[in-house]
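Reading through the structure tokens given below for one structure.
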Amino acid sequence: MIVKNLIEKYKNRYSIPFLDLADAGESNRIIVHIASIGLLIFSVFCLTLFGIILYPNYRNYVPRFIYYSIFLVFSIYAYFASKPGKEVEREKAYIKKTIPFYILTAVILADAVFTVKVGAVFNGFVIFCITAFIALCTGSFSPIIFLVGIVITVACITPDIISNFGPSGYINTLITAVLMFCLALYKRRSEKRQIQFLKKQKQSLESKTFGNFTLMYENKVVKFSRSKSDELLGYLIYKKGSSVKTKELISVLWGEHADSARYGSSFRNLIVDIKHTLNELQIQNFFITEYNNFRINPEVIKCDYYDFLAGDSAAIKSFAGEFMSQFSWAEEAAGFLEQKALKKN
């Protein structure tokens, strides 16, 4: 009975539906994609070091050579697994995009254990702490899975911690692990509150895409200082939460052969304009910029286009063959929607 009550309390305070975490999954994907490049370079460096510089004593470094070869394989996996791919259903997006995050974190924690086991106990403990705190600062994940990860890691390094630092060192390790788990719970609780707030915001933020594109907040049209700011947001709404890089957006806004160097300044002005306007209206977590990736969060906005794709009968009936008519790139999308509307009628 006590366990059941604890589970219910945990669900009420910390459980978030996967659909609400779809945008967080996209953030996890971008983080892993960037981190995998750094880890790939690191593993190649280590293999080169052990394979060339330390060649005369290679027998002493065979275990490390094998480990960093495995590290290299997982870095390559993480890179390709986190590349932008086909559009995934929003309900499944978080799971699919977060799996590489969990795997890469587990591999780095395994590196911490390996470092401890080869004798560098302090270095291994530092790797464990840094990995856990970076994950806490950057990713979105289940506190329970995080707890399992740190428990397994601490269990593996316990004998070495005690033998090198004594009982007090082990107690400090346990305190660190408990603090990490508490931070994970706090972060998930904050994340849930933010999502609940954004759901309320969704009632006031609306995008109308059938006909001309219009963004509205509290029944008023959102007006930007620059004409192409509307087009940039319109394209991101069309992409439905998928990340888009600067080069693609510049080609959409100024033509296929537009030069990034030439239009880079104009593009940055658009980003500043959008951010400034949305901040003035206190619209949160809608327009998201991360590491040269731009997207909108579909979960915080009402949109006839999204309702149409979800099969809403009213949205299907309201479509009259026009989709963001003022933008030339939207013509192809309008044709796709028209075919889909015919099939559903």
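The residues of the stretch 248-262 that are open to solvent by 50 Å² or more (accessible area, probe 1.4 Å) and either modelled with pLDDT of 90 or more or under 16 Å from residue 227 (Cβ atoms) (or both), listed by number, are 248, 254. For the stretch 28-50, the criterion of being surrounded by fewer than 16 Cβ atoms within 10 Å (Cβ to Cβ) and modelled with pLDDT under 85 is met by at least one residue.
Among the residues of the stretch 93-117, none is identified as of a type in the set (S, T, N, Q) and surrounded by fewer than 21 Cβ atoms within 10 Å (Cβ to Cβ). Out of the stretch 203-225, which residues are surrounded by fewer than 17 Cβ atoms within 10 Å (Cβ to Cβ) and either assigned to a strand (DSSP E or B) or in contact with an Asp or Glu (Cβ under 7 Å, 6 or more places away or on another chain) (or both)? 204, 211, 214, 216, 220, 221, 225, listed by residue number. Filtering the stretch 311-332 down to residues that are part of a loop (DSSP other than H, G, I, E, B) and open to solvent by 80 Å² or more (accessible area, probe 1.4 Å), which residue is nearest to residue 256 (Cα to Cα)? So, considering only residues that are part of a loop (DSSP other than H, G, I, E, B) and open to solvent by 80 Å² or more (accessible area, probe 1.4 Å), the one nearest to residue 256 (Cα to Cα) is 326. When the stretch 73-92 is filtered for residues that are open to solvent by less than 80 Å² (accessible area, probe 1.4 Å), part of a helix (DSSP H, G or I) and modelled with pLDDT of 90 or more, the ones remaining, listed by number, are 74, 75, 76, 78, 79, 81. Among residues of the stretch 184-200 being of a type outside the set (Ser, Thr, Tyr) and open to solvent by 80 Å² or more (accessible area, probe 1.4 Å), the one that is farthest from residue 156 (Cα to Cα) is 200. A Cβ distance below 7 Å, combined with a sequence gap of six or more or placement on separate chains, defines the contacts here; from the stretch 165-188, residues that are in contact (Cβ under 8 Å) with a residue 24 or more places away in the chain reach residues that are part of a helix (DSSP H, G or I) and of a type in the set (Gly, Ala, Ser) in the pairs 180/132. The set of residues in the stretch 128-142 being out of contact with any Phe, Trp or Tyr (no Cβ under 6 Å at 6 or more places or on another chain) and in contact (Cβ under 8 Å) with a residue 12 or more places away in the chain consists of 128, 129, 131, 132, 133, 135, 136, 138, 140, 141, 142. When you look at residue 68, is it at pLDDT below 90, in a helix (DSSP H, G or I), more than 22 Å from residue 186 (Cα to Cα) and aromatic (Phe, Trp, Tyr), yes or no? Considered against the rule, which asks whether it is at pLDDT below 90, in a helix (DSSP H, G or I), more than 22 Å from residue 186 (Cα to Cα) and aromatic (Phe, Trp, Tyr), residue 68 comes out as yes. Restricting attention to the stretch 10-27, the residues being open to solvent by 30 Å² or more (accessible area, probe 1.4 Å), polar (S, T, N, Q) and part of a helix (DSSP H, G or I) number 1.
Return yes or no: is residue 322 more than 28 Å from the chain's Cα centre (by Cα) and touching a residue at least 40 places away in the same chain (Cβ under 8 Å)? So residue 322 fits the description; yes.
Just one residue in the set 283, 237 is open to solvent by less than 20 Å² (accessible area, probe 1.4 Å) and not in a helix (DSSP H, G or I); that residue is 283. All of (1) more than 20 Å from residue 21 (Cβ to Cβ); (2) among the basic types (Lys, Arg); (3) in contact with a helix residue (DSSP H, G or I) (Cβ under 6 Å, 6 or more places away or on another chain) hold for residue 97 with one exception: (1). Within the stretch 259-274, the set of residues being of a type outside the set (Phe, Trp, Tyr), in a helix (DSSP H, G or I) and farther than 15 Å from residue 234 by Cα comprises 260, 261, 262, 264, 265, 266, 268, 269, 272. Among residues of the stretch 279-296 that are under 19 Å from residue 191 (Cβ atoms), those with a Cβ under 7 angstrom from a residue that is acidic (Asp, Glu) and open to solvent by less than 20 Å² (accessible area, probe 1.4 Å), sequence gap 6+ or separate chain, pair up as 295/26.
The values are calculated or read from the model by the stated rules, or taken from the named source; none is laboratory data. Because the structure is a prediction, the values reported are computed rather than measured. Positions of Cβ are generated from backbone atoms using ideal geometry, with glycine treated the same way; all protein chains shown enter the neighbour counts. Note: accessible area is taken over every heavy atom of the protein model, side chains too, but ligands, DNA and RNA are not part of it. Shrake-Rupley method; radii C 1.70, N 1.55, O 1.52, S 1.80 Å.
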